[in-house]
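The values are calculated or read from the model by the stated rules, or taken from the named source; none is laboratory data. All of these numbers come straight from a predicted model, not from anything done at the bench. No Cβ is skipped: glycine too gets one built from the backbone with ideal geometry, and neighbour counts run over all protein chains shown.
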Amino acid sequence: MEKKSELQWMFDHGKIRNIMRKNRKKEDPFVYVFLDFDGVINVFYLEGTPEYYEMLAKGEFEFADRRCVERINKLHHDFPIRIILSSSWRFSGIPYCTEYLQNAGLDPEIKIYGMTQTEVFHPREEDIVSYLLEHPDFAGFVVLDDIHMKHLQAYEVETDPLKGYTEERDLKCREIISGFFK
């Protein structure tokens, strides 16, 4: 069976939704947040924009936008989420990614719970669905990424790589997460 058809089949037949529904009844339900770095917390400032000049004025370019990371901190404070690395940065390992995120302002109390597979490159959607099926303990999930995911779009907060995880995208993420607890 072709992978895209298999992904569609899983959603059409409700396997992921059934897992979420069952787990929402548990005592401490939580939501997986699949986190990409580039285009979500790492923002690409265009030369000539106010943000570009702001970074120039500081005398250094920080790849990670601290405002985006602070929104992740607040999200973690407000909801029972577990961060899973889905970014290609995961190939550097959880300790490296954790240090990178903490240097960018991630609260040191926030734990990275896991990452999608690191054996070979697959389409990110496949890796996320595989992770969900291998770890069926979640009450919901949301994907923070700048890559459009056809089969996961109801759970995706797609970001603009020139803006990252903005207030607007944070509101959408909160709306998705809140829906798991109604």
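Here is a yes/no grid of residues against (1) in contact with a helix residue (DSSP H, G or I) (Cβ under 7 Å, 6 or more places away or on another chain); (2) within 24 Å of Glu175 (Cβ to Cβ); (3) modelled with pLDDT of 85 or more:
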{"site": "Trp9", "(1), (2), (3)": "no, no, no"}
{"site": "Asp28", "(1), (2), (3)": "no, yes, yes"}
{"site": "Leu75", "(1), (2), (3)": "yes, yes, yes"}
{"site": "Ser86", "(1), (2), (3)": "yes, yes, yes"}
Check your understanding: Of the residues Val40, Val69, which single one is modelled with pLDDT of 90 or more, in a loop (DSSP other than H, G, I, E, B) and either among the polar types (S, T, N, Q) or within 17 Å of the chain's Cα centre (by Cα) (or both)?
Key -> Val40
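Is at least one residue of region 78-95 under 30 Å from Lys22 (Cβ atoms), in contact (Cβ under 8 Å) with a residue 12 or more places away in the chain, outside any helix (DSSP H, G or I) and touching a Lys or Arg at 6+ places or on another chain (Cβ under 7 Å)?
Checked region 78-95: at least one residue is under 30 Å from Lys22 (Cβ atoms), in contact (Cβ under 8 Å) with a residue 12 or more places away in the chain, outside any helix (DSSP H, G or I) and touching a Lys or Arg at 6+ places or on another chain (Cβ under 7 Å).
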Study note, to complete from the structure: Checked region 148-182 for anything under 18 Å from Pro123 (Cα atoms), buried (at least 17 other Cβ atoms within 10 Å of the Cβ) and not acidic (Asp, Glu); matches are Met149, His151, Leu152, Tyr155, Val157, Thr159
Review point. Within region 124-168, can you find the residues that are among the charged types (D, E, K, R), in contact with a helix residue (DSSP H, G or I) (Cβ under 8 Å, 6 or more places away or on another chain) and in a helix (DSSP H, G or I)?
Key: Glu125, Glu126, Lys150, Glu167
